[in-house]
Every structure is written in C-alpha cells, then in structure tokens.
1. Output needed: percent of Cα pairs per 10 Å distance bin for segment A:5-239, bins running from 0 to the one holding the longest distance.
2. Which one of A:297, A:40, A:108 is farthest out on the positive end of the charge dipole of the protein assembly as shown, using unit charges on Cβ (Lys, Arg +1; Asp, Glu -1) and the Cα centre as origin?
3. Need one word for chain B: rounded, prolate or oblate. Basis is the Cα gyration tensor (sqrt eigenvalues a ≥ b ≥ c); a/c below 1.5 gives rounded, then a/b vs b/c decides.
4. Take residue A:9, project a point 7 Å from its Cα along the Cβ direction, then tell me which residues of segment A:37-79 have their backbone nitrogen under 12 Å from it.
5. Taking every pair of alpha-carbon atoms in the protein assembly as shown, what share in percent sits in each 20 Å bin, from 0 to the bin with the longest distance?
6. To the nearest 100 Å², how much accessible surface do chains B and A hide from each other in total, with a 1.4 Å probe?
7. Could you please report the charge total around residue B:56, scoring K, R as +1 and D, E as -1 over all other residues with beta-carbon less than 15 angstrom from its beta-carbon?
8. For chain B, set up a Gaussian network in which alpha carbons nearer than 10 Å are linked by springs, and say which option among B:317, B:70, B:108 fluctuates the most.
Amino acid sequence: MTPLVSMRDIDKSFPGVHALKSVQFEVLPGEVHALMGENGAGKSTLMKILSGVYSKDAGVIELDGKSVNVTSPRQAQELGIGIIHQELSLMRDLNAAQNIFIGREPRSAGNFVIDEKRLNADTAKLFAAMHLKLDPKVQVESLTIAKQQMVEIAKALSHKSRVLIMDEPTAALNDAEINELFTIIRQLKAEGVGIVYISHKMDELKRIADRVTVMRDGEYVGTVPAADTPVEKIISMMVGRAISDEPPTIPDLKDAEVLLEVKNLNRGREVQDVSFSVKKGEILGFAGLMGAGRTEVARVIFGADSMQSGEIFVHGKKVSIKQPRDAVRAGIGYLSEDRKQFGLATGMDVAANIVMASVERFISPLGVLKNKEIRDTAREYIKQLTIRTPSERQETRFLSGGNQQKVVVAKWLLRDCDVLIFDEPTRGIDVGAKSEIYKLLNKLAEQGRAIIVISSELPEILRLSHRIAVMCEGRLTGILPGGDTPQEEIMRLATQRASATTTPANGRAA
Amino acid sequence: MSAAISNPSPAAALWATGAQKILAFAGLIFLVIGFSLASPNFMQTSNIISILQAASVNGVLAVAATLVIITGGIDLSVGALMTFCAVICGVLLTYMGLPLPIGVAGAILAGIASGLCSGTFVAKLKVPPFIATLGMMLILRGLSLVISGTRPIYFNDTPGFTEIATGSIVRNFLPFLPIPNGVLILFAVAGITAYILGRTILGRYAYALGSNEEALRLSGVNADRWKIGIYAMAGGICGIAGVLIASRLNSAQPALGMGYELDAIAAVVIGGTSLSGGRGTILGTLIGALIMAVLINGLRILSVAQEWQTVVTGSIIILAVYIDILRRQRAAAA
Ligand SMILES: Nc1ncnc2c1ncn2[C@@H]1O[C@H](COP(=O)(O)OP(=O)(O)OP(=O)(O)O)[C@@H](O)[C@H]1O
Ligand SMILES: [Mg+2]
C-alpha cells in the first residue's frame with residue numbers, strides 16, 4: 001500500500017533550537033498513527049510543517065507517492081491535509097458556526113454575501129453527526145475549554161480531509177467526550193482517512209492507535225505497532241530511561257495543623273455548600289467530572305470569582321478574600337487550568353515569567369531589578385523541572401506547549417505559598433516530566449505546605465492524593481482516604497446526582 | 001459529550017449582546033429628555049436638524065474608524081484624510097472645472113487610495129496601526145496644504161455642490177421635516193456598512209482579524225489582503241466625509257480636520273466598540289455620534305462655556321467605557 005503521506009529527512013531549525021533532525025514519518029490510508037515524545041521533542045513542529053504553517057529547511061514530503069511542496073495552510077487544506085492545533089485557535093468573538101466555516105463560508109449574491117442560514121444548518125448537521133449538543137450560534141467565548149476543543153474538532157472534520165492531524169485533542173476532554181471522539185476517529189478510519197494522533201496519555205494509545213512513532217530531542221527514534229508493544233517499551237523509547245512510579249506513602253497527619261479550612265462555600269449552582277480542610281503536609285485531590293465545580297471552588301478560594309457566602313480560614317484565622325491579591329497575601333497560590341490565558345505573559349521571556357509573582361524579592365534597595373539573581377533563579381527551575389528552552393531569555397511563546405506549562409508551575413513554586421492549588425497541573429505534560437512534577441508536589445507537601453490538586457485523570461488523583469474529595473454538580477459528595485481506594489468508589493460519588501431529574505451542571509468546566 | 005453540554009442562559013446572552021446598544025440608546029434618550037426639560041429651545045425642529053447636521057460628518061468618520069477598530073487596529077488619519085479628500089474634490093471641480101460627479105468620485109477614490117496605503121503598511125510591512133496611521137495623518141495634512149497652496153478652495157463655480165450636504169430632499173415630501181441630505185448620507189453609509197459587517201465575508205473577516213488574527217491565518221484565509229480591504233473601505237468612507245464637509249462649508253479648508261479623528265474614536269468607544277478589536281457595531285457608533293452631538297449642542301444651549309463642554313465630553317467617554325466594563329463583568333459572572 002502506498003502511504004498517504006510520507007515525510008523523509010525533515011530538518012528544521014529555529015533561532016537557537018535545532019527542532020527537527022532528519023525526521024521521518026508516514027501515514028497509511030485508514031491508519032491511526034500516534035506520534036509520541038516528550039515535551040519539546042518536535043511533534044507539533046513536524047505537523048506544522050506538514051500542514052503548511054512552517055516551511056521545512058530540508059527533506060521531502062510525499063502525498064500518494066508524489067512529492068509536494070506545502071507552503072501555506074490554505075494549500076495544505078487543498079491537498080486534503082487538516083489539522084487540529086495544540087493551542088486552541090478559535091476566534092472568541094465569533095460564534096461556533098462562523099468559526100467552523102471561516103474562510104469557506106457558503107455564499108450567495110455575487111459571492112460576497114454570507115448565507116448565514118446555510119452556515120448554521122451545515123454546522124447543526126455537523127454537530128448532530130458528532131452527537132454534540134451545541135447551538136451553532138453560541139458565542140465561542142462563552143464555552144468551556146472542552147467545548148471549544150469540540151468546536152475545533154468539528155472544524156477539522158468539516159474539511160473532509162484525507163489526512164487529519166490531531167495535536168493533543170483530548171487534553172481538555174472528559175471521558176464521555178473522548179469516547180465520542182474515538183467513535184468519530186474509527187468512522188474516519190473506515191472511510192480511509194489517515195490520522196496522526198498526538199497525545200501524552202498512554203492509555204489512549206492502546207485504544208486507538210495502529211502504529212506509534214516515537215521522537216526524542218528532535219530525532220526519529222522508531223516506529224512500532226501499538227497493539228503488541230508494551231507501554232514501558234514506548235516510554236523508554238521516549239525518555240531514554242525507565243520511569244518508576246510508586247504509589248503515595250500517606251503520612252500520619254493526626255496532629256498536623258489545619259492550614260486551610262473552607263466552610264459552607266456557595267456560589268450559584270456551581271459551588272453549593274462546600275466545606276473541607278487541608279492539613280499541613282497534606283495533598284488533597286479533587287476528583288470529579290468536567291463541570292463538577294472543582295475549578296469554580298478553586299477560583300472562589302483564590303478570589304478570582306466572588307463567593308456568595310462562606311468562610312475561609314488560613315492557619316486557623318478567618319481571612320477575607322475579595323480578589324487574588326488577598327489570597328496571595330494570605331499565602332494561597334493558584335495554578336489555573338487555562339495557562340495560556342491566565343498564567344503566562346507569552347511575549348516575555350522564561351525568566352520574567354518565573355519571577356512574575358515574586359518580583360518584589362528581586363528588587364535592590366533602590367528599586368532596580370536584580371537581573372542576575374532573576375536569571376540564576378530561573379535557571380535553577382529550568383533545571384529542576386527540565387524545561388526545554390535554549391536559555392532563560394527565550395520568549396515563552398516559542399516554547400512547546402508542555403514546556404510553557406512547566407514555566408507556570410515554576411512561577412508558583414518560586415512564590416512559595418503555604419497553600420497551593422494546582423488545577424490540572426500535568427495537562428499536556430509528558431510522562432517523564434509528569435513524574436518529576438509528582439515528586440515535586442510530594443516534596444512540597446513534605447516541606448509543610450498544604451496542596452490541593454484538581455485533576456480529571458483518576459490515575460493521577462490516586463497516585464498523588466492523601467485524601468480524595470469528590471465533587472458532583474457543585475456539591476462535595478464525599479471525601480475518601482487516599483492510597484488504595486477503588487476507582488469505582490470515586491466514580492460512584494462523582495456521578496451522585498442530586499436527583500435523577502436535574503439537568504447537567506452548567507458553566508465553567510472544573 | 002451529550003451529557004455535559006448546555007448553553008449559557010438566554011438572558012445572559014441577551015444582556016451580553018444587546019445591552020450595550022440599549023444602554024447607549026437609553027443614555028441618548030436620557031440626554032434628550034434632560035436637555036428639553038432644561039431648555040425649551042432644545043426640542044425645536046431647527047435645533048434637532050442642526051444636531052443631526054453636526055452629527056453627520058463626525059458620524060461618517062466614526063463609521064470609518066469603527067471598521068478599522070474592529071480589526072484590532074486604530075485609524076488616526078480619518079480627519080486628515082477627510083480634509084485631503086475635500087481638497088482633491090476642490091482641485092477637480094474648481095481648479096480643473098470637471099463635472100460634479102467626477103469631483104465626488106475623485107474624492108472617494110483618493111480616500112480609497114490612502115486607505116490602501118495605510119492598510120499595506122499595517123498588513124504587509126507590519127507597522128503598528130497607531131504608527132502607520134499617525135504617519136499617514138501627518139503626510140495627508142501636509143499634502144492638503146501643498147496641493148491647495150495653503151488657501152481654501154471655494155466651490156462657487158459648481159452649482160448644486162452645497163446641496164449635497166445642506167439641501168433637503170426630504171423637504172419635498174415632508175415640508176415640516178427638512179432633514180438635510182448630509183444626514184441621509186450618514187444613515188446610508190451607516191446602513192451599507194452595517195450590512196457589509198454583518199452579512200458579507202469582508203465583515204466576517206474584519207471581526208475575525210480583531211478576534212484572533214493568527215487563527216484566521218491558520219484557517220487558510222489571506223488575512224493581509226482582507227485587512228488592506230478594510231482600511232481601503234474606511235478610506236473611501238472618509239472620502240465621503242470629505243465631500244460632506246466641503247459641501248457644508250462650500251469650500252475645502254486645507255487646515256481643517258485636526259481633532260476630528262479623536263471625536264470619531266470617541267463616538268466609536270461610546271457606542272460600545274472594543275478598542276481591542278473583535279467586537280463592535282455600526283448602530284452603536286451611530287448612537288455614540290448622536291450622543292456627542294446632543295451633548296455639545298445641549299451644553300451650548302445652556303450656555304455652558306466651550307472649555308467646560310470639552311471637560312464634560314471627556315468625562316462622558318470615560319463613564320461610557322466604564323459602564324461597558326461593568327456590564328461585561330456582570331455578563332461573565334452570569
Ligand atoms: N516558533 C518557534 N521559535 C523558536 N523555537 C520553537 C518554535 N516552535 C517550536 N520551537 C522549539 O522547537 C522544539 C520543538 O517544539 P514542539 O512544539 O514541536 O514540541 P512538542 O513535541 O510538540 O512538545 P509538547 O508535547 O510540549 O507539545 C522546542 O524546543 C521548542 O521550544
Ligand atoms: Mg506540541
């Protein structure tokens with residue numbers, strides 16, 4: 001069978017970074033080909049070359065055995081190559097339908113006037129085929145990240161591409177949505193579409209991929225069949241070493257001080273009468289489905305959204321938190337789930353971002369920034385978290401998605417808060433760095449901080465938490481001990497709806 | 001995914017989209033009622049007409065500015081361009097003695113040409129819009145003086161020229177309501193622009209550019225070309241404003257036009273268009289222009305000193321934008 005796409009000896013350099021070194025990759029018709037590798041391995045760069053966003057420095061791209069030169073996104077579309085980018089690239093002020101058909105609007109009257117009715121009808125059809133209950137006219141800005149991702153997927157599908165590239169499509173999706181996506185992928189597969197699938201979630205590989213190509217440091221490592229290659233083998237190909245992942249050792253915190261206590265927190269439907277406490281040295285995991293209200297709880301505690309009622313105690317003293325500044329002053333740090341929007345100044349360099357929340361520590365008596373210390377500190381964290389960047393002076397927007405993530409983690413680590421809330425701390429982070437972050441969180445707890453981890457990945461919750469708080473529809477449905485709690489027990493609490501007739505929770509995803 | 005997907009409440013959506021216009025409109029009504037209570041002269045037909053007349057030139061310029069602002073840019077050259085186009089019109093009609101339609105077309109074409117220049121600087125040379133249009137503003141101001149020899153050009157030889165803005169077709173049908181043509185032209189320009197923004201691809205890409213230019217590019221759209229198109233259209237509309245002002249003054253005044261760009265931007269902002277791009281409406285801008293005209297006229301009728309009129313206008317701009325921010329926060333929390 002001639003491969004649909006075959007890329008050979010692809011080379012690409014950015015200033016200071018040799019991102020791709022003679023890489024090869026191919027996709028067969030009807031194949032799901034997973035592309036794996038650590039953060040910064042070059043996966044997105046390779047796919048951006050295939051989809052006409054970047055131009056290659058050297059190498060050959062063949063489509064159906066014929067050499068092609070992909071020079072622009074438009075040309076890639078015409079060749080039948082579609083891509084869902086890792087970074088959400090929607091236009092927030094337009095509605096879903098307008099986003100999906102941007103550049104290809106159905107037109108009437110002299111090819112200039114948009115046929116809005118057909119636009120909405122086509123979108124509705126597309127959504128129906130995806131079992132997606134979404135109004136074509138909904139403003140994209142008002143959607144959660146997960147739903148925005150679904151709109152991106154719909155957009156890619158609408159192109160009817162022969163090759164479909166998905167760069168971490170499931171990073172923000174819940175299980176039901178992932179299942180739906182996989183159904184769609186299988187359907188496309190049956191139609192002979194070739195699919196490139198990039199993800200850091202190992203379990204997805206076995207479920208959906210036919211073959212796996214692994215990259216490391218911009219180099220091609222190898223291609224193996226997905227079904228009969230053990231996950232450990234793939235991981236060691238990715239990181240060049242084996243990774244140990246021991247379950248948590250739960251410390252005895254009987255006599256430890258309660259660092260953070262939250263009583264009867266309320267905010268609309270999303271947070272209903274939530275009470276819990278975290279002790280010094282403890283890691284409290286927050287489990288639940290998307291939209292359960294976990295993020296909302298964190299945002300209220302952090303002062304990013306105002307509470308309607310409730311009390312917050314830090315070190316046993318009642319604190320009034322009206323805005324994030326109050327929270328930071330009380331010693332609470334929050335790592336938000338949407339780092340791109342809230343956590344990073346993408347135009348500034350890595351060092352500036354890392355010290356952003358603690359800049360006052362780096363000011364000389366005259367009010368001048370101590371640049372050398374800032375850079376030294378930044379370099380320390382770059383090493384500690386293995387942030388892949390040519391130097392601490394690189395602008396963060398040039399870092400790969402996962403490495404941008406680590407920069408935000410570094411920022412809050414440096415800020416040194418007593419209570420740290422991590423919202424999806426490892427989303428888009430590779431396995432190697434993930435276990436580094438787990439170790440770090442454990443170390444932070446051992447140092448006497450109180451840690452809250454919100455995660456949609458159950459294995460992560462189980463791997464980290466000393467206790468597990470489960471939420472459903474804005475209510476705290478239970479707190480379970482960590483360690484060997486069965487997943488089924490967590491799921492039971494996570495789906496414990498108030499009554500069978502309530503509609504699903506609305507609003508921001510947790 | 002069928003489980004967890006639902007839409008924001010319709011009330012919140014309505015509040016978010018419709019309320020700014022309603023708010024601005026309510027503000028306008030409030031001002032009108034206030035001034036008519038304060039002075040019996042305010043509601044006179046002749047005064048209303050003069051308010052509309054005053055709003056027409058600023059309104060047309062504000063429509064042009066709205067287009068550029070929606071793409072996430074800013075156009076500081078609208079006032080200077082208006083003057084330049086008026087001068088071109090004068091050269092064609094008075095100096096060269098060409099027929100009236102050619103003079104009008106020449107002014108509009110000059111506007112489009114200038115817009116193409118600004119657009120190219122911004123889209124192709126990547127000069128920030130603020131700088132590109134600041135430069136264009138100075139260039140056009142200078143050129144107007146050079147071309148006209150720093151003297152006003154009068155249109156006494158072109159019969160019917162003043163009718164363009166100050167005549168009234170409406171009077172023939174409704175003798176008691178002599179709405180000047182200039183106002184009709186404003187409404188026509190606004191209506192056509194609103195249609196283009198709302199219904200055509202040019203408008204769609206204008207919003208897309210302001211919302212996320214990179215995403216538009218990644219979608220395979222030739223973003224630069226459309227951006228230049230928007231600047232050109234804005235330029236053409238400034239050309240219309242040039243004809244309007246020349247007709248109203250029966251002359252092209254080469255030194256006129258300073259400060260017009262700020263009045264235009266003020267009207268846009270009061271009308272709820274976001275300076276960061278991606279959102280805004282022509283209806284809002286129209287209301288913004290009317291609010292400014294009513295305010296200045298009303299204050300004058302109440303014999304408030306000129307200096308204080310400017311202070312009040314400035315405060316209104318800040319207040320209007322602050323209310324818009326409050327509204328958006330509430331909409332986000334809903
Ligand atoms: N536009 C750019 N300018 C400079 N460097 C870049 C640019 N784009 C990517 N890089 C660098 O190229 C390398 C590969 O990045 P890439 O985004 O392809 O990684 P990735 O494998 O997709 O990682 P992740 O899993 O984190 O998304 C990284 O070191 C990154 O910093
Ligand atoms: Mg990537």
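The values are calculated or read from the model by the stated rules, or taken from the named source; none is laboratory data. This one's a predicted model, so the numbers in the text were calculated from it and none came from an experiment. Reconstructed Cβ throughout: ideal geometry from the backbone, glycine too, with neighbour counts over all protein chains shown. The protein model used for the area step is the full one, side chains on, heavy atoms only, and it has no ligands, DNA or RNA in it. Shrake-Rupley method; radii C 1.70, N 1.55, O 1.52, S 1.80 Å.
1. 8, 31, 35, 20, 5, 1
2. Value computed over the given set: A:108.
3. oblate
4. A:58-61
5. 14, 40, 32, 13, 1
6. Accessible area lost upon association: around 3200 Å².
7. So the environment of residue B:56 carries a net charge of -1.
8. B:317
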